[in-house]
Amino acid sequence: MSEAAVPGAPKVTASLGQIFGAFLLIGATSFGGGVVAYLRSSLVTKHNWLTDVEFLELMSISNTLPGLNATNMSILAGDRLGGWLGAVLAVVAICLPGFLFMVAAAVAYGHKGDNPLVTAALKGVAAAAVGLIGATWYQLGKKSIRDYFDMVIIGLAVLAIVQFKLSVPETLLGVGALSIIHHRPGFIKKKETTHEWISSLR
């Protein structure tokens, strides 16, 4: 287990004010599903609070838990950086701008929701969010995919959800079991020993 996955032993800490400010900015400037890209940009690139591997580990946990990825991720990252109080501040900060904006948007949409310009703007934001998610997962994938089997796991997960319409929990149980078997310590050690033996014959 990596250091990122060890509870109570954060590698990097931040002040409560920094945590609140960072997640407040993320909540105020992120759009739709693109929040994952903003989280990585802030936590990994801008503040260097997490590495890409640590971010991916926390995101993996977030994806296996009920609820929104953004709130799950803010709780996990906030706890890692500032303990339970950091988790509380992080989730409040990331949700607060969206709450205020949604109240204002609901009022405005009730009056101008059928306006073609409003509809076009919403479609544009949706397309941008898809692009942001794609770019983020591409950057993370380059550093987390270790072999061809990982690519097979990704393909199976996509196929299960898109083609066979399986739910996320069902997909995670299936591909997760395969991944655990493949990446179990004994199996990895056996693969490395085999590779070393093959290399010694060259």
Scan region 173-182 and tell me whether some residue there is among the aliphatic types (A, V, I, L, M), within 29 Å of Ser30 (Cα to Cα) and modelled with pLDDT of 75 or more. no
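Please tell me if Ala121 is farther than 17 Å from Tyr38 by Cβ and surrounded by 11 or more Cβ atoms within 10 Å (Cβ to Cβ).
Working: farther than 17 Å from Tyr38 by Cβ: yes; surrounded by 11 or more Cβ atoms within 10 Å (Cβ to Cβ): yes.
Answer is yes for this residue.
Modelled with pLDDT under 90 and either assigned to a helix (DSSP H, G or I) or outside the structural domain of Met59 (by TED's automatic domain parsing) (or both): which single residue out of Gly8, Gly21, Gly17, Gly34 fits that description?
On the way: Gly8 fails: either assigned to a helix (DSSP H, G or I) or outside the structural domain of Met59 (by TED's automatic domain parsing) (or both); Gly21 fails: modelled with pLDDT under 90; Gly17 fails: modelled with pLDDT under 90.
Step by step, each of Gly8, Gly21, Gly17, Gly34 is checked, and only Gly34 is modelled with pLDDT under 90 and either assigned to a helix (DSSP H, G or I) or outside the structural domain of Met59 (by TED's automatic domain parsing) (or both).
Please verify whether Thr29 is assigned by TED's automatic domain parsing to the domain that holds Ile133, of a type outside the set (A, V, I, L, M, F, W, C), out of contact with any Cys (no Cβ under 8 Å at 6 or more places or on another chain) and loosely packed, with under 15 Cβ neighbours inside 10 Å, treating the condition exactly as stated. Let's see the steps before the verdict.
On the way: assigned by TED's automatic domain parsing to the domain that holds Ile133: yes; of a type outside the set (A, V, I, L, M, F, W, C): yes; out of contact with any Cys (no Cβ under 8 Å at 6 or more places or on another chain): yes; loosely packed, with under 15 Cβ neighbours inside 10 Å: yes.
Against the criterion (assigned by TED's automatic domain parsing to the domain that holds Ile133, of a type outside the set (A, V, I, L, M, F, W, C), out of contact with any Cys (no Cβ under 8 Å at 6 or more places or on another chain) and loosely packed, with under 15 Cβ neighbours inside 10 Å), Thr29 qualifies.
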Expected output for region 162-181 (first residue without any contact (Cβ under 8 Å) to a residue 24 or more places away in the chain, partner surrounded by 10 or more Cβ atoms within 10 Å (Cβ to Cβ), Cβ below 6 Å, 6+ apart or cross-chain) is Leu166/Ala160; Thr171/Ala157; Thr171/Ala160; Thr171/Ile161; Val175/Ile153; Val175/Leu156; Val175/Ala157
Between a residue in region 88-112 that is at positive phi and any residue that is of a type outside the set (Gly, Ala, Ser) and in a helix (DSSP H, G or I), which pairs come within a Cβ distance under 7 Å, given they are 6 or more apart or on different chains? none
Just to verify a result, which residue in region 148-175, among those that are assigned to a helix (DSSP H, G or I) and not aliphatic (A, V, I, L, M), is surrounded by the most Cβ atoms within 10 Å (Cβ to Cβ)? Thr171
Restricting to region 65-118, name every residue that is modelled with pLDDT under 80, in a helix (DSSP H, G or I) and either surrounded by 12 or more Cβ atoms within 10 Å (Cβ to Cβ) or not assigned by TED's automatic domain parsing to the domain that holds Ala14 (or both). Ala105, Ala108, Tyr109, Val118
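The values are calculated or read from the model by the stated rules, or taken from the named source; none is laboratory data. Small disclaimer: the values here were computed from a predicted structure and weren't measured. Virtual Cβ from ideal backbone geometry, glycine too; neighbours counted across all protein chains shown.
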